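A short worksheet on the structure shown next.
Values quoted throughout were computed directly from the atomic coordinates according to the rules given, and no laboratory measurement underlies them. Owing to the predicted nature of the structure, the values given are computational and were not obtained by experimental measurement. Methodologically, a virtual Cβ is constructed for each residue, glycine included, from the backbone with ideal geometry; neighbour enumeration extends over all protein chains shown.
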Amino acid sequence: MSDFTQQPSYGTQQPYPGPGPYGGGAPVPPPAPLRNGLGTAALVLGIIGALAGLIPFLFWVAGILGLLALILGLSGRGRVKRGEAGNKGVATTGAVLGLVALILSVVGAVLVYQAASDLVDEVDKALDTTSAAPKDPSAAKKGAAGAEEKPDGKPLAAGDTSVYDDDVEVSVSAPKAVEAGEFAIGHTEGNKVYEVSIVIENAGKKAFTADSVGVSARAGAEGTAAEEIFDGDTYGKGFTGTVLPGKKATVKYAFDAPADAASLTVEVVPGFDYDPVQWELKL
């Protein structure tokens, strides 16, 4: 029996752990997903801004939030392109909603401005002493011919003057028979043509626009429509332009009436906001 004791061999290599899944060493965890805080903020601000834009009086809130959402959304998209963040869809949606909020804010501002303008106009009308109704209950003041004042609603006589609350005065002269021109329009053979002078005097403090003055006439007791005569530069031009304070404008009108008509009723409307007034003229 040998006294030799077997010693462990130092040439034998002990086993080591095998390579990890990525080629060696311990396993490497997958990278954490990139976040996009700018895109999320843009989305939230865009939603709130768009909802605020649906209320016209909050247009300023929609404008501020929409601008912030648009800036943050575009910045978030830029980070995605550089690989610094993810959620490109969130950033894009936020930017789009920011743009929508900006558009709604502009629309709301226009609506608010229009509403405020209409309100100011209504207040001005309420405070303005100008009225479409005649100034005096009599509807007229004594004319140059010495005619008496007429009750409200009754036709005036030749020379009477209708005075409105804005101190616009309208008067109609007595009719004068004239001959229709060769090329006159509106004249019927066998009828007579009568000329009247209508005077509009502005005794107020504001300029009066005469472009919308309307004049019409009826003849006889039956109220037959009396056609207005258009005859070159003599008749048919009507009132135009502006009558300044302290000034007056005179225009001659001619009307075609049946030969047996005993009266001519002339109606004058100084403008859309004025009541019409009639003059009953004896032929």
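Relative contact order for the stretch 37-127: 38 percent, from Cα pairs under 8 Å spaced at least 6 residues apart, divided by residue count.
So if R0 is 41 Å, what FRET efficiency would Asp275 and Lys252 give, r being the distance between their Cβ atoms, rounded to the nearest 0.05?
The formula returns an efficiency of 0.95 here.
The distance between label points at Lys206 and Ile71 comes to 4.6 nm (points 7 Å beyond Cα on the Cα→Cβ vector).
Its Cα centre serving as origin, the stretch 37-127 has a Cβ charge dipole (Lys and Arg +1, Asp and Glu -1) of approximately 780 debye.
Okay, which of the stretch 58-99 sit inside 14 Å, backbone N to the point 7 Å along the Cα-Cβ direction of Thr40? Residues 85-88, 90-91 qualify, since their backbone N sits under 14 Å from the label point.
Scattering from the stretch 161-282 was approximated by placing one identical point on each alpha carbon and applying the Debye formula without solvent; log10 I(q)/I(0) at 0.20, 0.23 1/Å stands at -1.06, -1.29.
Here the simple spin-label model places points 7 Å from the Cα toward Cβ, and for Lys282 and Ile103 these points are separated by 7.3 nm.
In a reduced charge model with +1 at each Lys and Arg Cβ and -1 at each Asp and Glu Cβ, the stretch 164-218 shows a dipole moment near 100 debye about its Cα centre. Between Val112 and Phe183, the simple label model (points 7 Å from Cα in the Cβ direction) yields a spacing of 6.0 nm.
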